[in-house]
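Peer 1: Attaching a single structure in C-alpha cells format; questions to follow.
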Amino acid sequence: MMELPFYALILSFIIHLQKKGFRRLISWGPLIALSLISFIVTCMVKCHLAWWPPESFWPCASMVVIMIELNIILYNFFQSSFLGPGLVEIGWKPKHLEEKIFLQYCNICLSYKVPRSHHCRKCQRCVMKMDHHCPWINNCVGHKNHANFFFFLFITPIACLHAIAILVPSTYRCFYRNYYYFYGTMNDIIVDLSSVWFIFSMMAVGMAVGVVISVGSLFVIQLKVILKNETGIETWIREKANYRKREKGEGDFIYPYNLGRWNNLLMTLNIGNWGKMDGVWWPVREDCHQYTLTVEQIQQKCEKRTRSVLFVVHRKYSGSYLPVTFGCRTCYCQPCFDEPRLKVKEGERVLVTRLRRNWLYGEKLFLSEVSHVQKKEKRQRGWFPRQCASRSSEKFDLPANPHHPQQLETHLHGDGDDAANGVDVDIERLNVVADEKFLNKKVL
C-alpha cells in the first residue's frame, strides 16, 4: 500500500511531461538524433581526456568550446521541436470578408489559410510559413522555429568537424601506441583506449563525417532559400509559376517576399523589427500585394484539377504499404513512403493528378448518384495501385476547390456573374481587385 503513492507520482509526472509537449521526443527521429549527439560527444570527450587532458589553458579552453557547442546544439534542437512553427488558429478568417476570395480554405482545420501557410498532414494543422515537416525534430519548420532550426544546422557540422579533429588523431595514436611507446620521444602523448572504446571512437568518426555531409548539405539548401525569403514549398510554387502558361494581360509572376538578401536573412532569423512578425501578414515588394502568392496558388490548383483524370475503381485496395496481391513489381516500385496510401473500394471514383507506371495518386470523390455534385466530406488523398482502377469516360464539372465554402455554394446553386468560383478562375480579375485594395497595405 505504501508503494501506490510512489507509482501514482511517477504516472502523474509522465502525464505532466506529455502535457508540456515532451511527447514529441518519443519518436524515431528525435531519439536517433539525440542518440547520435550523445554517442559522438561521449567518444569525443573520452578521446579528448586521453589525448589532451585538461592540465593547461588550451586543453581546458577546448573542453569549454565542446560544452558551448553541445549546449547550442541542444538548445536549438529542443526549441525547434517544442516551440513549433506557429499554427493557424482553428476557424481563422480575415477581418474583411471581401478578402476571402483571395484565400484558400482548409476543410480539415475549418479555417482559411493565411498567406504562406500550408496544411501539414503529419501535424494535422495549418502551419504558418511552412517550410517542411522534419522527422528529426518530429515537428514542422515554419515561422516561429525557422531561426532555431537554421542555427541547429549551422552549429552541428562545425561541432562534428571539431569532433573529427579530436577523434582521428586520438584513434591514430591509440592504434600505433606500441610504436610511440618504444620509439617515441618524451613529448609524444600515448593514447591508451580499450578495444571497446577504440571501436566506438572509429564508429563516432564515421557518424561525424556522415553528419557533416548530410546536415551541411541541408544547411546550404536552407541558406539558399532563406536568402531569397522563400520556403521549400514556395520555391516549388515559384518554379511552377515560371513555367505556367499565363493568360492574356496577366503578366509575369513576381515573388512578393524577396526584399533583398540582408533583409530576408534578418526576417528569417527574427532580428530587430523583423522579429515582430505575427505570421499572418508579411511585408511585400512595392509592385506586389499581400495576396500575390495565394492568387498564384489558386490558379495553379485550378489548372491541376483541369488536367486531372477521373478513374473508376474496380478492385479493392486496403491501403497496405506492401500490396503483395498486386504483384512483385507493384511492391518493389513504390512511391515515396512518406506519402499516404488511399484505401479504395469497387465503384468509387478517384480524381487522379499524378501517375506512375504502377501507382496512381489522387483524391477520392464523394459524388451524388443523381446530380454528380461533390459532397462536403473530409478529403481523402493518396497513392493506390494502378491495377485497381481504369480511366473513366464520364464527364462532370468540379469547382476549383470543392471544400471552399464559398466556391462550393456557388457551384451547387450557380452564379452566372462570378465565374471565378468555378474551374475557370478569372486570374486577371483577382489580381486587379487585389491591386486596388491591398497594393498599398504594408506590414512593418
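The values are calculated or read from the model by the stated rules, or taken from the named source; none is laboratory data. Just so you know, these numbers come straight off a predicted model, no measurement behind them. In this analysis, Cβ positions are derived from the backbone assuming ideal geometry, glycine residues included, and neighbour counts consider all displayed protein chains.
Peer 1: Under 7 Å between Cβ atoms, which residue pairs at least 6 apart in sequence (or on different chains) link something in region 290-307 that is farther than 17 Å from Lys113 by Cα with a partner that is at pLDDT 85 or above?
Peer 2: Filtered contacts from region 290-307: Lys304/Thr353.
Peer 1: Given the criterion modelled with pLDDT under 95, small (Gly, Ala, Ser) and closer than 30 Å to Glu234 by Cβ, identify the matching residue among Ser194, Ser111.
Peer 2: Result of the check over Ser194, Ser111: Ser111.
Peer 1: Condition first: without any contact (Cβ under 8 Å) to a residue 24 or more places away in the chain and surrounded by 14 or more Cβ atoms within 10 Å (Cβ to Cβ). Now tell me which residues in region 308-339 satisfy that.
Peer 2: To start, the set of residues in region 308-339 that are without any contact (Cβ under 8 Å) to a residue 24 or more places away in the chain comprises 320-322, 324-325, 328, 331-332, 336-338.
Listed by number, the residues that qualify are Thr325, Cys331.
Peer 1: Any idea which of (1) out of contact with any Pro (no Cβ under 7 Å at 6 or more places or on another chain); (2) surrounded by fewer than 18 Cβ atoms within 10 Å (Cβ to Cβ); (3) under 22 Å from Pro157 (Cβ atoms) is the one Ala208 doesn't satisfy?
Peer 2: Checking Ala208 against (1) out of contact with any Pro (no Cβ under 7 Å at 6 or more places or on another chain); (2) surrounded by fewer than 18 Cβ atoms within 10 Å (Cβ to Cβ); (3) under 22 Å from Pro157 (Cβ atoms), the one that fails is (2).
Peer 1: Among the listed residues Glu55, Glu69, Glu89, which satisfies the condition of being within 30 Å of Gln104 (Cα to Cα) and among the charged types (D, E, K, R)?
Peer 2: Numbers: Glu55 fails: within 30 Å of Gln104 (Cα to Cα); Glu69 fails: within 30 Å of Gln104 (Cα to Cα).
Going through Glu55, Glu69, Glu89 in turn, the sole match is Glu89.
Peer 1: Follow-up. Looking at region 76-95, which of the residues that are in contact (Cβ under 8 Å) with a residue 24 or more places away in the chain and of a type outside the set (A, V, I, L, M, F, W, C) is farthest from Thr42 (Cα to Cα)?
Peer 2: Among residues in region 76-95 that are in contact (Cβ under 8 Å) with a residue 24 or more places away in the chain and of a type outside the set (A, V, I, L, M, F, W, C), the one farthest from Thr42 (Cα to Cα) is Gly86.
Peer 1: Output the residue which, of all residues in region 266-283 that are among the polar types (S, T, N, Q) and within 17 Å of Phe152 (Cα to Cα), is farthest from the chain's Cα centre (by Cα).
Peer 2: Applying the first criterion (among the polar types (S, T, N, Q)) to region 266-283 yields 268, 270, 273.
The next check asks that each one be within 17 Å of Phe152 (Cα to Cα); those that pass are 268, 270.
Details: Thr268: 16, Asn270: 19 Å.
Applying the filter and picking the extreme gives Asn270.
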